[in-house]
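Visitor: Quick one: structure below, then a few questions.
The values are calculated or read from the model by the stated rules, or taken from the named source; none is laboratory data. Computed from a predicted model, the values in this text were never measured in an experiment. Because the Cβ atoms are built from the backbone with ideal geometry, glycine has one as well, and the counts that use them run over all protein chains shown.
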Amino acid sequence: MAFEHYISAGGKRLRCGYTTGTCAALAAAGAARYLTEGTWPETVSLRTPKGWRVEVPLEACRAEPGRAICAVRKDGGDDVDRTHGARIEAAVALIESPGIAIQGGPGVGRVTKPGLDQPVGEAAINRVPRQMIARAVEEVLSAAGYEGGASVVISVPEGEVIARQTFNPRLGIEGGISILGTSGIVEPMSAQAVVDTIALELRQAAAQGEKRLILTPGNYGLDYLRRQGMDQWEIPVVKCSNFIGEALDEAVLDGFSEILLVGHVGKLVKLTGGIFNTHSRTADCRAELFCAHAALAGGDKALCRALMDCSTTDACLARLDEAGLRDPVMAGLLGAMQEHLSRRAGETCAVGAVLFSNEYGLLGETSEAKEIMERWN
């Protein structure tokens, strides 16, 4: 029973899916219906917070003394992640007191660090999924005229194995996956999940009282930090992928006062043009920026043409070395970069950048980066 909702992304028509939170709520409703009606329904349905209706068949239905258990399989649509196809299971028991008690069972992670949606020690079932589960079960009980409440335990067979391939261990969620979702719907190829993960790591660091932060787009930056011994500062390091602007915005909101951005010139040079999403699909103006600053530094037309023909930033640097203009061009690029970073971060946060190349090593530091590192050293 396919979920037939579509969006357009990247020029393609892509099918949406539904979250682990939606699956948990549907499974809980199915088990509650067995307890109140005495038979398993062929399908269960609910309306997600986004307003879309989801209807699914139940799997692995079974009755045990005092409770009913069934599962719903996660469908990520065309946004296939590690949890796609996972079986989200709910065990429901009726209780005399009103209210819906929700717990996590095997395969659902447990929170071990502050700054997450749930407090330390709780099952990693986020706030909106908890609301969806409670509402779905309450509707079943109300329809049956039952005045008591229910106990719901959400489990994920193989959840512990799946979690090892996700961000959960890094985030401080141990023993399984998270039950997630704010809209109840998975939108394919959405960058929001990545941005949310970055924001979560930043909030966690802030919750531990950190005021200093290192941002790096990816593994090149992490390797460079280790080679330079910068990982010995005991300052939190967060990978921000291409979402440098969103990471800076979130870090400022979380109260960080000093941020050092460390990255490969091929990615960070785009900040010189005020481009804070560095994915090539958004913009690839590396050669143009090198060309503009080479012209400002006195480069001739032949050099500018050669730079525009370069396919990599290392090739641009080689051309600048041949012309004897690498230092003034890098100075211009770093100055423009600092202006854009300071404007984005505002007055409450000092932010600077360190640029390197795998071939040429350290290329330079913005003025604010030098001051930040002097204080940290």
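Visitor: Please work out which residue is surrounded by the most Cβ atoms within 10 Å (Cβ to Cβ), limiting yourself to region 51-85 and to residues that are farther than 20 Å from residue 13 by Cα and among the aliphatic types (A, V, I, L, M).
Guide: 72
Visitor: Would you call residue 112 hydroxyl-bearing (Ser, Thr, Tyr), more than 30 Å from residue 8 (Cβ to Cβ) and surrounded by fewer than 21 Cβ atoms within 10 Å (Cβ to Cβ)? Spell out the reasoning first.
Guide: Values: hydroxyl-bearing (Ser, Thr, Tyr): yes; more than 30 Å from residue 8 (Cβ to Cβ): yes; surrounded by fewer than 21 Cβ atoms within 10 Å (Cβ to Cβ): yes.
Yes; evaluated as a whole, the condition is true for this residue.
Visitor: Kindly establish whether residue 267 is more than 18 Å from the chain's Cα centre (by Cα), closer than 18 Å to residue 194 by Cβ and not assigned by TED's automatic domain parsing to the domain that holds residue 170. Spell out how you get there, then give the answer.
Guide: Values: more than 18 Å from the chain's Cα centre (by Cα): yes; closer than 18 Å to residue 194 by Cβ: yes; not assigned by TED's automatic domain parsing to the domain that holds residue 170: yes.
It is true that residue 267 is more than 18 Å from the chain's Cα centre (by Cα), closer than 18 Å to residue 194 by Cβ and not assigned by TED's automatic domain parsing to the domain that holds residue 170.
Visitor: Only one of 232, 204 is in a helix (DSSP H, G or I), over 21 Å from residue 167 (Cβ atoms) and at pLDDT below 95; which? Give the derivation first.
Guide: On the way: 204 fails: over 21 Å from residue 167 (Cβ atoms).
Just one listed residue meets the conditions, 232.
Visitor: Being at pLDDT 95 or above, buried (at least 16 other Cβ atoms within 10 Å of the Cβ) and either part of a strand (DSSP E or B) or outside the structural domain of residue 281 (by TED's automatic domain parsing) (or both): is that true of residue 7 here? Explain how you work it out, then say what you get.
Guide: On the way: at pLDDT 95 or above: no; buried (at least 16 other Cβ atoms within 10 Å of the Cβ): yes; either part of a strand (DSSP E or B) or outside the structural domain of residue 281 (by TED's automatic domain parsing) (or both): yes.
For residue 7, the condition - at pLDDT 95 or above, buried (at least 16 other Cβ atoms within 10 Å of the Cβ) and either part of a strand (DSSP E or B) or outside the structural domain of residue 281 (by TED's automatic domain parsing) (or both) - is not met.
Visitor: Still on this structure, I have one more. Do any residues in region 337-348 that are surrounded by fewer than 14 Cβ atoms within 10 Å (Cβ to Cβ) have Cβ atoms under 8 Å from those of residues that are not in a helix (DSSP H, G or I), where the two are at least six apart or on different chains, and which pairs are they?
Guide: 348/257
Visitor: Further question: Any idea how many residues of region 247-264 are over 20 Å from the mean Cα position of the chain (by Cα) and either at pLDDT below 95 or closer than 16 Å to residue 313 by Cα (or both)?
Guide: Count: 1.
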